[in-house]
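As structure tokens, the structure follows; a few thoughts come after it.
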Amino acid sequence: MTQKHILSGDLLVFAGDPFQMAPEQAVQIQSDGALLIEDGIITDRGPRDSLVRTHPGARHHAHPGKLICPGFIDAHVHYPQTAMIASWGKRLIDWLNTYTFPEEMRFADPEYAAEISARYLDLSAAHGTTSMASFCTIHPASVDAFFREATKRGQRVVAGKTCMDRNAPAGLQDTAQSAYEDSKALLEKWHGRGRISYAITPRFSPTSTPEQLEAMGALWAEFPDCLMQTHLSEQLDEIEWVRELFPDARDYLDTYEHFGLLGERGLYGHAIHLDPREIDRIAEVGAALVHCPTSNTFIGSGLFDMAGLTTRGISVGLATDTGGGSSFSMLRTMAAAYEIGQLNGYVLHAAQLLWLATRGSAKALHLQDKIGALEVGMEADIAVLDLASTPAIAQRHANAEHHWDAIFPTLMMGDDRAIEEVWIGGKKQGLV
Ligand code: GUN
Ligand code: ZN
């Protein structure tokens with residue numbers, strides 16, 4: 001018989017979308033609640049005392065006064081950039097050429113890919129992140145390494161081989177044909193195996209020829225249940241460059257749309273400087289945008305229009321964009337999202353921030369039936385948050401007047417010290 005577990009504390013529970021209804025109704029805190037976990041799945045939820053009484057054989061993990069959240073879901077990362085995070089002084093294109101591409105070259109070595117996969121998954125789990133959508137490098141072995149390591153940990157991850165056939169060093173280029181063949185082989189090998197999903201991954205329009213974008217579009221048409229992830233309108237210089245490279249395109253989004261790379265399962269990272277036509281098309285097809293706030297400030301990209309885009313009903317996920325982003329922490333990422341909201345004249349509620357980092361990202365990844373909420377039947381990926389994890393946060397927490405006031409200081413000032421416990425696939429993790 002499998003061991004049953006009960007995890008008790010204050011539960012973060014969703015009743016709706018906090019961008020479409022009052023945040024405090026959409027997101028609720030159930031004090032002294034509990035979850036029953038069996039075989040990796042949440043099989044019961046209720047008040048702590050009655051759940052403990054009903055399941056006397058279960059092992060009880062009690063976290064009184066702590067916040068039990070769905071594990072954080074990072075909707076856009078580059079795991080191969082783990083070792084060069086926080087590199088100084090460049091904007092996007094120079095940053096890619098100076099720091100990113102040389103580091104990504106190292107993934108020609110499968111051993112290095114395995115080492116960084118493990119390091120990245122350790123670091124992200126220590127920060128409460130249980131699932132992510134990651135770019136790999138052009139090397140198929142970088143995908144195998146990441147999926148192998150995630151499989152060992154029983155982790156639900158999305159990733160794909162990054163495709164580039166121009167404007168990158170020779171050692172980091174594939175071709176339209178090899179990108180298609182390698183991506184297809186990886187997809188057939190991994191997609192749907194355990195908790196793994198494959199995402200078709202053209203890096204961004206400047207590093208793909210029209211032929212490669214066309215090949216990626218053809219692959220997506222063959223495997224429409226896969227996600228397709230890429231970058232869109234991150235910096236003004238980049239957009240200008242795209243205009244030069246694709247003189248016939250109506251706008252940046254059109255460089256994808258024209259080749260069959262715009263769809264409901266499309267994930268577009270950054271999406272800061274959008275034209276009205278682009279916003280209309282994204283809303284029409286139901287594609288998802290991914291907000292990468294620490295990256296957008298760190299690389300100096302601009303302010304994502306959370307209010308305008310969510311008002312249009314566009315699905316938005318939240319992400320670190322490691323290592324363009326300056327932190328592995330989704331708490332730090334929520335703080336940056338809040339700050340960007342303030343600069344844009346929009347005050348994000350703590351309920352909206354937590355929703356973005358969990359259910360919002362799950363919806364963007366079309367995984368909302370599996371992860372991102374503490375519901376019966378969902379996979380047991382969980383982060384337990386200490387809301388008084390440092391002296392600075394504790395003294396502010398002591399003055400809190402209600403739940404959201406008690407949570408908000410941790411969203412603004414918290415880091416891995418706030419992560420008390422993490423569960424992945426129903427298994428408690430030993431954190432680094
Ligand atoms: N655009 C194309 N590649 C990248 C990348 O690796 N990071 C970021 N932030 N933007 C990109
Ligand atoms: Zn990125």
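Less than 5 angstrom separates the built amide H of ALA380 from those of ILE41, ILE42, GLY425, GLY426, all sequence-distant by 5 or more or on a different chain.
Regarding segment 332-418, what's the average projected area of the Cα-atom convex hull, expressed in nm²? Each step should come with its number before you reach the end.
Details: hull surface 25.9 nm².
Quarter of the Cα hull surface area: 6.5 nm².
Modelled this way, with points 7 Å down the Cα-to-C-beta line, the labels at THR209 and ASN344 are 3.7 nm from one another. Residues whose amide H falls under 5 Å from that of GLU421, counting only those 5 or more places apart or on a different chain, are VAL384, with hydrogens built in the peptide plane. Using just its DSSP H runs of length 4 or more, each adding -39500 (n - 2.57), the chain gives a mean residue ellipticity at 222 nm of -10000 deg cm²/dmol after division by all residues.
The fraction of all Cα pairs in segment 1-126 landing in successive 5 Å bins from 0 to the largest distance is 2, 9, 13, 13, 12, 10, 10, 11, 11, 7, 3, 1, 0, given as whole percents. Listed by Cβ neighbour count within 10 Å, with the fewest neighbours leading, LEU123, LEU289 appear as LEU123, LEU289. Counting only the Cα atoms, the chain fills a convex hull of 130 Å³ per residue. When only alpha carbons of segment 142-203 are considered, Rg and Dmax amount to 12.3, 37 Å.
If you average 1/r over all unlike Cα pairs in segment 227-318 and invert the result, what Kirkwood radius do you get in angstrom?
Details: mean 1/r = 0.0760 Å⁻¹.
Result for segment 227-318 stands at 13.2 Å.
For a straight C-alpha distance cut-off of 18 angstrom, the aspartates and glutamates reachable from LYS427 (same-chain residues fewer than eight places away being disregarded) are GLU38, ASP39, ASP44, ASP122, GLU149, GLU375, GLU379, ASP381.
Decide, for segment 283-432, between rounded, prolate and oblate: order the square roots of the alpha carbon gyration tensor eigenvalues as a ≥ b ≥ c, take rounded if a/c falls under 1.5, and otherwise choose prolate if a/b is larger than b/c, else oblate. In terms of gyration-tensor shape, oblate.
For ILE371, ILE68, what ranking results if the residue with the fewest other Cβ atoms within 10 Å of its Cβ goes first?
Ascending Cβ contact count within 10 Å gives the list ILE371, ILE68.
For segment 319-367, would you read off the P(r) tail past 19 Å as a percentage of all alpha carbon pairs? Can you show the working numbers first?
Values: 330 of 1176 pairs.
Pairs farther apart than 19 Å: 28 percent.
Once you've got the GNM for the chain with C-alpha springs shorter than 10 Å, pick whichever of ALA170, ALA394, ALA362 has the biggest mean-square fluctuation. Result for the chain, Cα springs under 10 Å: ALA170 fluctuates most. What FRET efficiency would be calculated for the residue pair GLU244, ALA170, taking the C-beta separation as r and a Förster radius of 22 Å, to the nearest 0.05? With R0 = 22 Å, the Cβ-Cβ based efficiency is 0.50. A straight Cα-to-Cα reach below 21 Å connects LYS189 with the lysines LYS152, LYS161, residues fewer than 8 places away in its own chain not being considered.
So for GLU240, GLU211, GLU421, fewest C-beta neighbours within 10 Å to most, what's the order? It would help to have the intermediate numbers written out before the result.
On the way: GLU240 10, GLU211 16, GLU421 19.
Fewest to most other Cβ atoms nearby, the residues stand as GLU240, GLU211, GLU421.
The chymotrypsin sites (Phe, Trp or Tyr not before Pro) of segment 140-218 include none that meets both criteria, a DSSP state outside H, G, I, E and B (loop) and at most 13 other C-beta atoms within 10 angstrom of the site's C-beta. Straightening the chain between ALA218 and ALA83 buys 45.2 nm, computed as 0.36 nm per residue apart minus the Cα-Cα spacing.
Placing dummy labels 7 Å off each Cα toward the beta-carbon, the span from ASP94 to ALA400 is 4.2 nm.
Where a number appears in this text, it was derived from the coordinates with a stated rule and is not lab data. These figures come from a predicted structure and were not determined experimentally. Quick reminder, even Gly has a Cβ in these numbers, built from the backbone with ideal geometry, and neighbours come from all protein chains shown.
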